[in-house]
Amino acid sequence: MNVLKFGGTSVGTVESLKNVRSIVESLPSDTVVVVSALGGLTDKLISTARLAADGEDWSDEIDAIIARHHDIIDQLVRQEKKVETIETVDALLDELRRTYEGVSLIGDLPAKTLNVIVSLGERMSAPIVAGIIKDARLHNSLDFIKTEKWFDKNIADIALTHRLIVKEFSNSEKGPHITGGFISKDRDTGEITNLGRGGSDYTAALIAAAINADILDIWTDVDGFMTADPRIIKDAKVLSSMSFIESMELCTFGAKVIYPPTIYPVFHKNIPIRILNTFNPTATGTLISDSSEAKEYPVKGVTAVRNTCLVRLYGKLTDNVAQINTRAYNALARNGVSVFLLAQPGENEEFSFAIASSDRERASRALNEEFAPELIDGALSSIAFEENLSTIAVVGEGIRHLKGVNARILNTLMRSGIKTLACSEGNSDTTVSFVVQEKDTVEAIKAIHGLFF
Ligand code: ADP
Ligand code: ASP
Ligand code: MG
């Protein structure tokens with residue numbers, strides 16, 4: 001049994017949807033297909049909501065959204081499904097219009113309302129795709145993808161979701177089975193939520209893990225996982241394979257190919273992922289599995305996370321750095337802040353680590369509370385936050401053991417006139433990472449990619 005996921009670009013136009021149709025119709029009837037909203041629609045739904053909240057005119061936007069969906073239905077939906085599909089989609093378009101009217105009226109865009117607005121993308125694309133594919137069966141992912149609150153985020157309730165997926169798909173008649181990605185419901189309140197931008201990959205992985213799929217195929221608009229973002233590096237190379245760990249690291253550090261939480265559920269079940277191109281379906285793509293036999297390149301890729309914030313603790317901490325470190329980590333974790341780079345300590349006895357800029361406020365509160373005694377007695381002189389930075393990561397299993405790898409990267413950056421503000425400590429065998437000014441991101445990726453590929 002396979003699970004396939006088609007991203008927005010794959011379901012964006014009449015032409016690309018024809019490719020989706022022929023791919024799915026050539027597969028066994030128990031295939032599960034997860035689809036995103038039409039390409040670019042989620043951004044459009046959000047920007048239109050902001051127009052409405054700001055009291056601007058949004059009539060052209062809603063008209064274009066309606067026309068786009070109607071056009072695809074007219075051109076592609078199977079005759080016997082047409083009436084039903086139009087009814088379903090028109091009811092949702094009507095809900096969208098009424099929600100925008102409400103937003104306009106109150107001049108405000110509460111998070112709950114925005115969640116309803118963005119959910120409409122996948123709530124419309126799924127019935128449309130189901131109407132296009134022969135014998136397809138539609139499943140409503142709001143019935144089985146459930147989230148719970150975690151600080152200010154909604155995260156999947158994995159155990160409950162797993163049980164509901166098994167129930168949904170175990171006695172299901174023949175398919176192919178089509179469902180929308182990304183969208184979910186809060187398990188306690190029943191409100192519509194989502195798994196985060198790019199979250200359709202995660203929906204597909206949760207389904208694949210629950211039904212013990214043989215493989216998870218992620219269909220997108222490039223030939224596979226590449227050595228760098230092809231929009232930045234024109235001659236980035238497609239990798240034929242990589243390990244789960246390598247893909248996890250690359251995606252956590254910014255490779256947009258797969259939404260990072262996606263990899264865990266399938267990794268635990270040892271279900272391989274393939275990255276495939278809807279626009280070039282015969283290309284072999286990239287196989288992500290637990291075997292790391294393919295050693296075509298010792299380094300698999302270079303990525304960047306923008307919006308990095310470097311947190312530096314200054315003080316006389318030489319005696320108990322490990323203990324202070326643990327306290328800092330725990331205080332941050334209790335407040336839902338994750339640290340993605342622990343830096344080598346600088347000469348002036350500081351220690352530092354990188355977090356996402358969006359976590360800065362929470363991190364500041366947590367650290368100032370945790371270290372209040374040290375800040376008062378002077379053992380810590382200050383906690384500083386530096387922003388407008390990027391973390392550049394270089395990933396490949398065993399990279400840490402490549403001779404002189406850190407020095408080679410640092411020299412390359414220096415020769416390109418790029419200042420390195422922090423380097424990761426040697427706590428990962430798979431990734432070395434560096435913090436640079438955000439304005440240097442592209443140059444840094446180009447320089448390091450040139451060094452290894
Ligand atoms: P989808 O709509 O299919 O989910 P995404 O836009 O989320 O597609 O992800 C695919 C895009 O990720 C590609 O078009 C490519 O521009 C970008 N990308 C970034 N880094 C990489 C990489 N290392 N390898 C391949 N694609 C990458
Ligand atoms: N449509 C959602 C987004 O654009 C989810 C996805 O495409 O994976 O973020
Ligand atoms: Mg995506």
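FYI, it's all coordinate maths here, none of it is from the lab. Keep in mind the model is a prediction, meaning the values are calculated, not measured. In this analysis, Cβ positions are derived from the backbone assuming ideal geometry, glycine residues included, and neighbour counts consider all displayed protein chains.
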Calculate the dipole size of the chain relative to its Cα centre from +1 charges on Lys and Arg beta carbons and -1 charges on Asp and Glu beta carbons; express the result in debye to the nearest 20.
-> 880
May I ask you to derive the relative contact order of the chain, considering only C-alpha pairs under 8 Å and at least 6 residues apart, and to give it as an integer percent?
-> 13
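Cα convex hull of the range 1-111: mean projected area in nm², to one decimal? Walk me through the numbers on the way to the answer.
Working: hull surface 31.7 nm².
The orientation-averaged projected area of the Cα hull of the range 1-111 comes to 7.9 nm².
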Could you rank the peptides 71-77, 3-9, 285-291 by their average count of other C-beta atoms within 10 Å per residue, with the highest value first?
-> 3-9, 285-291, 71-77
Three principal axis lengths of the chain [C-alpha, angstrom, descending] | 74, 54, 40
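At a Förster distance of 22 Å, what's the computed FRET efficiency of R408 paired with Y297, Cβ-Cβ distance as r, to 0.05? All intermediate terms of the calculation are to be shown ahead of the outcome.
Working: r = 15 Å, r/R0 = 0.68.
About 0.90, to the nearest 0.05.
Show me 119-128, 96-105, 255-264 ranked by packing, highest mean number of other Cβ atoms within 10 Å first. The partial results should precede the final answer.
Working: 119-128: 26.3, 96-105: 16.6, 255-264: 21.6.
Listed from highest to lowest mean packing, they are 119-128, 255-264, 96-105.
What value, in deg cm²/dmol to 500, does the helix sum -39500 (n - 2.57) over DSSP H runs of n ≥ 4 give at 222 nm once divided by the residues of the chain?
Values: 14 runs with 183 residues, N = 453.
Helix contribution divided over all residues of the chain: -13000 deg cm²/dmol.
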Which of I392, S382, L341 sits closest to the plus end of the dipole of the range 332-453, meaning its Cα is farthest towards the positive end, when Lys and Arg get +1 and Asp and Glu get -1 on the C-beta?
-> I392
Please give, to one decimal in nm, the separation of the simple spin-label points placed at D94 and A372, each 7 Å out from Cα toward the Cβ.
-> 5.6
Nearest 5 is fine: what % of DSSP beta bridges in the chain come out antiparallel, could you say?
-> 60
Scaled to the compact-protein estimate 2.2 N^0.38 Å, what is the alpha-carbon radius of gyration of the range 229-290, rounded to two decimal places?
-> 1.13
Given the C-alpha centroids of the range 203-280 and the range 38-66, what is the distance between them in whole angstrom?
-> 30
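If you build the convex hull over the alpha carbons only and average its shadow over all orientations, what do you get for the range 357-453? Give it in nm² to one decimal.
Details: hull surface 31.0 nm².
Quarter of the Cα hull surface area: 7.7 nm².
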By the mean-Cβ-within-10 Å protection proxy, highest first, 401-411, 202-212, 156-166 rank as 202-212, 156-166, 401-411
